[in-house]
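The values are calculated or read from the model by the stated rules, or taken from the named source; none is laboratory data. Keep in mind that this is a model prediction, so the values were computed, not measured. Backbone-built Cβ (ideal geometry, glycine too); neighbour counts: all protein chains shown.
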Amino acid sequence: MRFYTKNHRYYCGIDLHARVLYVCILDTEDQIRVHRNIPATSMDLIDLLAPYLHEDIVIGVECMHCWYWVSDLCQQFNLPFALGHALYMRAIHGGKAI
């Protein structure tokens, strides 16, 4: 199992669905910068990410049926992209205790 270990100023996690995206952006101090649903279009996603396009941000999504277009969009805008394996993400989340 390989993990993404690079540090960034902002971390963007996207929960992908066919028609909507749930986007959360955190900074290095775990402060929530963005936390909302948007339509699942490249224009809406870029509009939301616009303030961060020239910042140090990484985009992460779960490996689902519709992640390809997000990867292509990140490549187009030269944004780091991390694809998470659903089984590994469940194992990591399940192992955490609060």
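Odds and ends about this structure:
- Condition met for Ile92 (at pLDDT below 90 and aliphatic (A, V, I, L, M)): yes
- Residue in the range 31-45 that is loosely packed, with under 10 Cβ neighbours inside 10 Å, β-branched (Val, Ile, Thr) and over 18 Å from Trp67 (Cβ atoms) present: yes
- Options Cys12, Cys24: the member that is assigned to a strand (DSSP E or B) and in contact with a His (Cβ under 8 Å, 6 or more places away or on another chain): Cys24
- Subset of the range 46-76 that is surrounded by 11 or more Cβ atoms within 10 Å (Cβ to Cβ) and part of a loop (DSSP other than H, G, I, E, B) - its residue that is modelled with the highest pLDDT: Asp56
- Residue that is surrounded by the most Cβ atoms within 10 Å (Cβ to Cβ) [pool: residues in the range 4-30 that are among the aliphatic types (A, V, I, L, M) and touching a Lys or Arg at 6+ places or on another chain (Cβ under 8 Å)]: Ile25
- Residue check for Ile46: under 16 Å from Gly84 (Cα atoms) and among the β-branched types (Val, Ile, Thr): no
- Residue in the range 77-88 that is surrounded by the most Cβ atoms within 10 Å (Cβ to Cβ), counting only those that are modelled with pLDDT under 90 and either among the basic types (Lys, Arg) or assigned to a strand (DSSP E or B) (or both): Gly84
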